[in-house]
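What follows is a short report on a single structure.
The values are calculated or read from the model by the stated rules, or taken from the named source; none is laboratory data. Please read all numbers here as calculations on a predicted model, not as lab measurements. With ideal geometry, Cβ positions are generated from the backbone for all residues, glycine too; neighbour counts draw on all protein chains shown. We work out accessible area using only protein heavy atoms, side chains counted, and drop any ligands, DNA or RNA first. Shrake-Rupley method; radii C 1.70, N 1.55, O 1.52, S 1.80 Å.
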Amino acid sequence: MKYRKPWQNLRLRLVAWYSVLTGLFMLVSDGFMYLEFRQTLFDQIDNALEVTAIQALKNLDDEVDALMFDPRQESPVLASLLNAAGVEIYLLGQDGLVKEHFGDSLTLSTQQNLHSGFETLVTENGRWRIYTQEILPRNDRPAGWLKVARSLQPVDITLQNLLNQHLLKLPLILSMVGLGGLFLANRALKPIDQITRMAEKVRVSGDLTQRIHYQGTTDDELKRLATIFDEMLNSLQATFEHEKRFTADASHELRTPLTALKGRLQTTLSQPRTADIYEETLQAIEQEIDRLIRLSSDLLLLSRLEQQHQDVCLELVDLSDLLAAIAEQIQPLADLQQLQFLTHIAPDLQIQGSPDHLIRLFLNLLDNAVKHTSAQGQVSLTAAVQGHCIQVRVSDTGIGISPEHLPHLFERFYRVEKSRSRAIGGTGLGLAIAQEIVHRHHGTLAVQSQPGQGTTFTVTFPQYSHC
Ligand code: ADP
């Protein structure tokens, strides 16, 4: 089997896409969650810092002319509690110099940021969140700044843990998604494997009887693909068998008269004959050769018609004139057979068509009608507009055709009476050619017949429209 690169394998490509998209989705959603969580933690810390600042401001001593906390309210217990909560409080003068300080983990530099609001400071002791608030002068107490700080270490540890958990979880989830994707892809592509194996079998063995017979219950894309594949094999098999039959029939049609000719020649040449016998034999041979020439040109025409898929040679044809000319050609034949030949052709019937093929079509039908109608009978040719179509009928009062033959009448080499048809020079291809010509003109050809009463062939063409 031919080596394929991994990305040429649809199954692996699907799994890769599935995993990559899931990974991306997880990164985006987890990233969003992480940022939201981080913001919530910061908001909580900021709120706590603000509350602590309000409490601390209440503890300022308003009765002295210095910036300091009220020593009466200062409690060592509170200081140790603040320490335990990782909170530090700085009281700064307007020049930024530290007046008082609770806590021993944070040492602020002398270059202080003296603006109200929050900031995050990175120190040797980790990151700190700091809230600065301006202290307005009151009574004798001068103005200054209050800074409340809290270590961000617990928050950073929590966020780091969260990040680690997500990063550890990601490969695990991705491998589970990959396995799940592989299972789904295998399930979904199983019918395609089945179809591929079947197509390969048909290609290798040439056996067109193979079918997929897909068992899926839902009418999904795969079921439709499998059904279309089976239908395609059906029509391929039908066409193939049709062609096989046709080739066998054609060789039989050619070989039988050639064998008969050879036999006749051998018999004639087996002993000396009179000039009359030689002449008679040669005339019979000439007749048979004429039939063989007709047969081979009919075969050629039929195969050309079948290959001609486009309406390349269609032109505007005045069907009324064309039928009138054909009727003139048929009249002497009908007279010869002592038949009454009637025509009713409406004027100005126009279609898009090939004049040569149309002549061939109506000559075939009229020739058959004349051939299969005995003396004193009647053959008629009528043409008229019927709704949006043009209808041409070739009727006769001849021998008719039994109902069991009607469905096969347009098959190649189908004859109702083989020997009679051959004897009157028929090739068995006349009606097959007629039907092929009608189809090339987007029309229909139908037959109605009663044994002993006569036959009517009806050709229906779409009417030519100028739009
Ligand atoms: P062929 O060249 O042998 O006539 P066709 O394809 O033209 O072959 O016709 C097929 C068969 O249909 C003929 O063998 C003949 O028996 C029958 N057939 C065709 N037209 C008529 C008709 N108008 N009346 C009776 N039988 C007909």
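The slack in the chain from TYR214 to GLN329, taken as 0.36 nm per residue of separation less the alpha-carbon distance, amounts to 35.6 nm. Each residue of region 26-41 is assigned a 3J(HN,Hα), and the resulting list reads 5, 4, 5, 5, 5, x, 5, 4, 4, 5, 4, 5, 4, 5, 4, 4 Hz, derived from the Karplus form 6.51 cos²θ - 1.76 cosθ + 1.60 (θ = phi - 60°), x at Gly and Pro. Neighbours of ASP140, meaning other residues whose beta-carbon lies under 11 angstrom from its beta-carbon, give a summed charge of -2 when Lys and Arg score +1 and Asp and Glu score -1. Excluding residues fewer than 8 places away in the same chain, name every one of the lysines whose C-alpha is closer than 24 Å to that of LYS262. In chain and number order, the partners are LYS418.
Couplings for region 10-20, taken from phi via the Karplus curve 6.51 cos²θ - 1.76 cosθ + 1.60 with θ = phi - 60°, read 4, 4, 5, 5, 4, 4, 4, 4, 4, 5, 4 Hz in order; Gly and Pro are left as x.
Carbon and sulfur atoms: what percent of the 1.4 Å accessible area of region 323-467 do they account for? That fraction is 51 percent.
Its alpha carbons considered, the chain gives a radius of gyration followed by a Dmax of 51.2, 164 Å. When only the Cβ of Lys, Arg, Asp and Glu is charged (+1, +1, -1, -1), the dipole of the chain relative to its Cα centre reaches about 2160 debye. What number, rounded to the nearest 500 deg cm²/dmol, is the helix-based mean residue ellipticity at 222 nm of the chain, given -39500 (n - 2.57) per DSSP H run of at least four residues and division by all its residues? Value at 222 nm, helices only: -19000 deg cm²/dmol. Database remark: amide H of THR343 closer than 5 angstrom to the amide H of LEU381 (H placed geometrically; neighbours at sequence offset of 5 or more, or on other chains; Pro and chain starts carry no H). Please compare each pair in LYS190/LYS244; LYS201/LYS223; LYS201/LYS244 to a cut-off of 27 Å on the Cα-Cα distance and tell me which ones are over it. LYS190/LYS244, as the Cα separations exceed 27 Å there. Rolling a 1.4 Å probe over the heavy atoms of the protein chains gives the chain an accessible area of 61 Å² per residue.
Separation of region 229-257 from region 94-123 is 100 Å, based on Cα centroids.
For region 312-462, the alpha-carbon radius of gyration amounts to 0.99 times the rule-of-thumb value 2.2 N^0.38 Å expected for a compact globular protein. Note on region 312-462: with charges restricted to the Cβ of Lys and Arg (+1) and Asp and Glu (-1), its dipole about the Cα centre is near 540 debye. Note on the chain: dipole from Cβ charges, positive end direction compared against VAL122, LEU41, PRO191; the farthest Cα belongs to PRO191. Average 1/r across all pairs of distinct alpha carbons in region 11-162, invert it, and you get the Kirkwood radius: 17.8 Å. When Rg and the Kirkwood radius Rh are both evaluated on Cα atoms of region 221-305, their ratio Rg/Rh stands at 1.35.
Here the 3J(HN,Hα) profile of region 329-336, calculated from phi with Karplus coefficients 6.51, -1.76 and 1.60 at θ = phi - 60°, is 5, 7, 3, x, 5, 5, 4, 4 Hz, Gly and Pro shown as x. Net charge of the neighbourhood of ALA53, taken over other residues with C-beta under 13 Å away and scored Lys/Arg +1, Asp/Glu -1, is 0. What does the charge count near PHE183 come to, summing +1 for each Lys or Arg and -1 for each Asp or Glu among other residues with Cβ under 12 Å from its Cβ? Charge balance near PHE183 sits at +3.
Listed by chain and number, the lysines whose C-alpha is less than 29 Å from the C-alpha of LYS58, apart from same-chain residues fewer than 8 away, are LYS99, LYS147.
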